[in-house]
1. Does segment 96-106 hold any residues that are modelled with pLDDT of 95 or more and surrounded by 18 or more Cβ atoms within 10 Å (Cβ to Cβ), and which are they?
2. For residues in segment 124-161 being of a type in the set (S, T, N, Q) and within 19 Å of N86 (Cα to Cα), which is farthest from the chain's Cα centre (by Cα)?
3. With the condition kept exactly as written, say whether any residue in segment 338-353 is of a type outside the set (F, W, Y), at pLDDT 95 or above, under 24 Å from V22 (Cα atoms) and in contact with a helix residue (DSSP H, G or I) (Cβ under 7 Å, 6 or more places away or on another chain).
4. L138 is checked against (1) under 23 Å from I163 (Cβ atoms); (2) in contact with a strand residue (DSSP E or B) (Cβ under 7 Å, 6 or more places away or on another chain); (3) in a loop (DSSP other than H, G, I, E, B); (4) in contact (Cβ under 8 Å) with a residue 60 or more places away in the chain and fails just one. What number does that condition carry?
5. Please work out if D270 is surrounded by fewer than 23 Cβ atoms within 10 Å (Cβ to Cβ), out of contact with any His (no Cβ under 9 Å at 6 or more places or on another chain) and either in contact (Cβ under 8 Å) with a residue 40 or more places away in the chain or in a strand (DSSP E or B) (or both).
6. Just to be sure I understand, how many residues within segment 205-231 are in a helix (DSSP H, G or I) and within 21 Å of T65 (Cβ to Cβ)?
7. Taking only segment 162-203 into account, find how many residues are within 24 Å of the chain's Cα centre (by Cα), closer than 17 Å to I242 by Cβ and not in a helix (DSSP H, G or I).
8. Inside segment 53-79, can you point out the residues that are farther than 16 Å from F335 by Cα, of a type outside the set (A, V, I, L, M) and not in a helix (DSSP H, G or I)?
Amino acid sequence: MTDCININNKNYPIKLKKNVIVICLDGSQKEYFDIAIEKDLMPNLKKLIIKGSFKLAHSAIPSFTNPNNISIVTGQPSSVHGICGNFFFDPDSKKEVMMNDPIYLRAPTIFEKLHKEGLKIACVTAKDKLRTLLGNGLNYENKKAICFSAEKSDECSISDNGISNVNEWLQKDVPNVYSQELSEFVMAAGVKLLKDFLPDIMYLSTTDFIQHKYEPGHVNANKFYEMFDYYLGLLNLNTSSIVITADHGMKSKSKDDGSPNAIYLQDILDKKFGINSTRVILPITDPYVVHHGALGSYANIYTNEQSKIPLITDTIKKIQGIDVVFNKNEACEKFQLPPDRTGDIICTSDENMTIGSSMEKHDLSGLNEPLRSHGGLFEREVPFITNFKELRPRIGEQIYNYEAFYYAINNAGEIL
């Protein structure tokens, strides 16, 4: 066994002085923490920051859940690992496909590589859509890996998750997928795993249900961060190297009357260029759209008439509420995206605007609060909080959320 391993072009020590915990607090922008700290609702985080650091990082683009969680656990952007949305258009099958199967993963996770070096891995995610990607390559037979979701905690088995009878073990029922309790289940499981399983590496990934519904400072948002702080206090025992970050931020996307602020791009393009001339794909789409109606701030646009790309691009640029528009090559270079899974054109919306496809395709009946969503450049700034002083500060260089394990593991390693 060597002292260091290269994973996706970054070096990681494999002899750790303390365990490593990375927490992806879904949908959390800086203001949520600022207000909760100001109201004395997060004393444990405040203590952690005094000894460590609170910086701002950039997420991967599009600023959605799947691309950023996989960027965090591979240490690289989508151009390397291949996951560039919750949903994409497969040019081979000509079908719109959920990108939650490991067959779409093009790089190993940090978990897979370190597990093969003998380290114990624990991973808990709120929604099951991430679980198979996060757990790819783990061997549960040697009892050194556990990976499960709060959503399907009642379906866990030793062969598929490395653990069974999770609800009895944790003394918690399966939480509603649209609730704060789903994230609390993740945090409570992390605390118990730290005590019972003693993992070398642990990843906890929550859900953004609260952030989609409530702005920073709202009483329900404050309750969420107060809950998180309680569990953080149980995790931060001076025996762990901890990084807290987020997959994306969240912005208000509503009109003054509370109705969603949306550009229905497919309708606009159909009217301008004809039906079936373009296809608008929204990578935010997944099985959990009640709280956002599949309205996000990023879209892929495909066309069979390549000669019309400049004209379509110019048309989109003129739409009020659109932020940036790029062709495939420009987008892939600027945002480090995989070309074969990126539209002929991509666009993002302004800070308070979302992009839809056709109006008739969006069920907004579940939006009982003003819409909050993400996906574009205005939601890419996320917290990067550590319980240690940053290792090698890189003056003038941007920190990314997908460097979380690099910093946490190097802080915990014997070779720095």
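1. Just the residues of segment 96-106 that are modelled with pLDDT of 95 or more, to begin with: 105-106.
If the condition is that a residue be modelled with pLDDT of 95 or more and surrounded by 18 or more Cβ atoms within 10 Å (Cβ to Cβ), then L105 is the only one that fits.
2. Here is the first cut: in segment 124-161, the residues of a type in the set (S, T, N, Q) are 125, 132, 136, 139, 142, 149, 153, 157, 159, 161.
This time we only want the ones that are within 19 Å of N86 (Cα to Cα), so: 125, 132, 136, 149.
Numbers: T125: 11, T132: 15, N136: 17, S149: 15 Å.
If we take residues in segment 124-161 being of a type in the set (S, T, N, Q) and within 19 Å of N86 (Cα to Cα), then N136 is farthest from the chain's Cα centre (by Cα).
3. So far as segment 338-353 goes, no, none of its residues is of a type outside the set (F, W, Y), at pLDDT 95 or above, under 24 Å from V22 (Cα atoms) and in contact with a helix residue (DSSP H, G or I) (Cβ under 7 Å, 6 or more places away or on another chain).
4. Answer for L138: the failing condition is (4).
5. Working: surrounded by fewer than 23 Cβ atoms within 10 Å (Cβ to Cβ): yes; out of contact with any His (no Cβ under 9 Å at 6 or more places or on another chain): yes; either in contact (Cβ under 8 Å) with a residue 40 or more places away in the chain or in a strand (DSSP E or B) (or both): yes.
Yes, satisfied.
6. 12
7. Total meeting the criteria: 5.
8. S53, F54, K55
The values are calculated or read from the model by the stated rules, or taken from the named source; none is laboratory data. Being a predicted model, the structure only gives us computed values, none of them experimental. Using ideal geometry, Cβ is built from the backbone for each residue, glycine included, and neighbour counts are taken over all protein chains shown.
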